[in-house]
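Visitor: Can you read through this structure? Questions will come right after.
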Amino acid sequence: MDQASGNQGLFGLVNMFSGGALLQITVFALGIMPYITASIILQLLTVVIPRLEALKKEGQAGTAKITQYTRYLTIALAILQGTGLVATARSGALFSGCTVANQVVPDQAIFTTVVMVITMTAGTAVVMWLGELITDRGIGNGMSILMFISIAATFPSALWAIKQQGDLAGGWIEFGTVVAVGLVMIGLVVFVEQAQRRIPVQYAKRMIGRRSYGGTSTYIPLKVNQAGIIPVIFASSLLYIRR
């Protein structure tokens, strides 16, 4: 695989997490990736930096302070990734094979680049605010909901494109096959996600007077997939920063 195809595969992965906004250079082109990357970095630094570890043990006040640090780091990462995205789009590598790629950023002035970076950074800040607002309202994990929506937003157009490009029965056979395979994969993912390694625990019996207490057996449930999808997201974020 050459460098161009590798870049397109990486950009396609990040574009999926942004709901198709990356390859359109929209206000929300960066999506929630900077916030997710910042959250993971802060979680890793909590083990390394004693100050962050102490904040984590302080309870709600310490958690609020770590959340504030996460916001600052999100803005910094958004500026870094936005600058890289604008530079990539200006060089034409973002839209490989497109004859009008050089018209995406026609003005090479620094002011234009700064305005584009600030705009995309502001879009990331709005997405971060929406995610925290969803979490505060008790609906669920805001970032997870936004991530699911951004990925699911590209499904209808992608499935319809498969149907239009199919040759069997007007493309409906290919369409049904892809849907069936997708449902099977979802079922397998849920099965692995819910899988547990049960460690048996036996409690000793205690004699109190003439009665016997205890002696019951239970287990410690350990998830097979402890990390979930976080390593994949973190790896894609690091690759995106490297580009």
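Visitor: Inspect region 98-113 for any residue being closer than 20 Å to Gly142 by Cβ, at pLDDT 75 or above, assigned to a helix (DSSP H, G or I) and open to solvent by less than 70 Å² (accessible area, probe 1.4 Å) and give the result as yes or no.
Guide: Quick first cut of region 98-113, residues closer than 20 Å to Gly142 by Cβ only: none.
No, every residue in region 98-113 fails to be closer than 20 Å to Gly142 by Cβ, at pLDDT 75 or above, assigned to a helix (DSSP H, G or I) and open to solvent by less than 70 Å² (accessible area, probe 1.4 Å).
Visitor: Moving on. Does region 133-147 hold any residues that are free of Cβ contacts under 8 Å to residues at least 24 places away in the same chain and either among the acidic types (Asp, Glu) or part of a helix (DSSP H, G or I) (or both), and which are they? First the steps, then the outcome.
Guide: Quick first cut of region 133-147, residues free of Cβ contacts under 8 Å to residues at least 24 places away in the same chain only: 133-142, 144-145.
Result: Leu133, Ile134, Thr135, Asp136, Gly142, Ser144, Ile145.
Visitor: Now for a separate question. Out of region 209-223, which residues are open to solvent by less than 100 Å² (accessible area, probe 1.4 Å), out of contact with any Phe, Trp or Tyr (no Cβ under 6 Å at 6 or more places or on another chain) and either at pLDDT below 80 or within 26 Å of Ile162 (Cβ to Cβ) (or both)?
Guide: Listed by number, the residues that qualify are Gly209, Ser212, Tyr213, Gly215, Ser217.
Visitor: Tell me yes or no: at least one residue of region 4-26 is part of a loop (DSSP other than H, G, I, E, B), at pLDDT 75 or above and surrounded by fewer than 18 Cβ atoms within 10 Å (Cβ to Cβ).
Guide: Filtering region 4-26 for residues part of a loop (DSSP other than H, G, I, E, B) gives 18-21, 25-26.
Next, only the ones that are at pLDDT 75 or above stay: none.
No.
The values are calculated or read from the model by the stated rules, or taken from the named source; none is laboratory data. Everything numeric in this text was worked out from a predicted model, so none of it was measured. Here Cβ is always computed from backbone atoms with ideal geometry, including for glycine, and neighbour counts include all displayed protein chains. Areas reflect the complete protein model, heavy atoms only, side chains present, ligands, DNA and RNA absent. Shrake-Rupley method; radii C 1.70, N 1.55, O 1.52, S 1.80 Å.
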